[in-house]
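Taking it in order: structure first as structure tokens, then the write-up.
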Amino acid sequence: MTRQHVDLDHMDITGLSPGPELQVSVKDNVIIVIDQAFGPKGDNLVGFTDETFDGFPAVTLLVKADGREALVHMSPIHGDKRKRGFEDLTPGSKCELFCPVSKEPLPKVGLVKGSEADYCAIFLTKRLGAGSQIYVSDVWGHHHSRIVDNNELISAWTAAEEKAS
């Protein structure tokens, strides 16, 4: 696996290890890969399509913005900005994030500090517990995300903004 796409300058890994129930791999002591993730009804979001990043199955969401909707395939490597789908969406666009299977909206878990973006939750276990989630921003191009296990922050990615307006 290559580190070339991981924004290590803006990644903060706490040193806490994910619990044994999570399917989160830690590679080279700094690369965190999401091996499973679930929508609000328990549908698997990893490997929903054949899209991959560095050989790892993508995390797929249904995204609605600007009166349109599309599947967006995100790299499962925490800190990797790569995604496929909605390439023409303007950075700074407010999005609605949904499970591509159930079409249920991802639950909002709070504002991203210092912005107008909301964090939305992707669950890390089939129990769909609030203590084990990935928080993703609902603003296009706003690269903020967090991985939480047992209500403890495992890693946070807060990349420099790309003039999201």
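The values are calculated or read from the model by the stated rules, or taken from the named source; none is laboratory data. As the structure is a computational prediction, the values presented were derived from the model and not from experiment. When we count neighbours, we look across all protein chains shown, and the Cβ atoms used for this are built from the backbone with ideal geometry, even at glycine.
Touching a Ser or Thr at 6+ places or on another chain (Cβ under 6 Å) and crowded, with 19+ Cβ neighbours inside 10 Å: is that true of PHE48 in this structure? Taking the combined requirement at face value, the residue satisfies it.
GLY114: modelled with pLDDT under 90, of a type outside the set (Asp, Glu) and within 20 Å of GLY39 (Cβ to Cβ), yes or no? So GLY114 fails the test.
Please work out if ALA65 is without any contact (Cβ under 8 Å) to a residue 24 or more places away in the chain and either hydrophobic (A, V, I, L, M, F, W, C) or on the phi > 0 side of the Ramachandran plot (or both). Taking the combined requirement at face value, the residue does not satisfy it. Filtered by the rule that a residue be surrounded by fewer than 16 Cβ atoms within 10 Å (Cβ to Cβ) and either out of contact with any strand residue (DSSP E or B) (no Cβ under 7 Å at 6 or more places or on another chain) or not in a loop (DSSP other than H, G, I, E, B) (or both), the stretch 82-93 gives GLU87, ASP88, THR90, PRO91. For the stretch 109-144, the tally of residues that are among the polar types (S, T, N, Q), buried (at least 21 other Cβ atoms within 10 Å of the Cβ) and out of contact with any Leu (no Cβ under 7 Å at 6 or more places or on another chain) stands at 1. Sort out which residues of the stretch 43-81 are within 13 Å of LEU106 (Cβ to Cβ) and in a loop (DSSP other than H, G, I, E, B), and write them in order of number. Within the stretch 43-81, ASP43, LEU45 meet the criteria. The residues of the stretch 117-165 that are assigned to a loop (DSSP other than H, G, I, E, B), at pLDDT below 85 and acidic (Asp, Glu), listed by number, are GLU161, GLU162. Taken over the stretch 76-111, residues that are of a type outside the set (D, E, K, R), more than 24 Å from ASN44 (Cβ to Cβ) and modelled with pLDDT of 90 or more amount to 5.
Every condition in (1) at pLDDT 95 or above; (2) in a strand (DSSP E or B) is met by ILE32 except one, and the failing one is (1). Pairing each residue of the stretch 135-152 that is at positive phi with any residue that is modelled with pLDDT of 90 or more, provided the two are 6+ apart or on different chains, yields C-beta distances under 6 Å for GLY141/PRO91.
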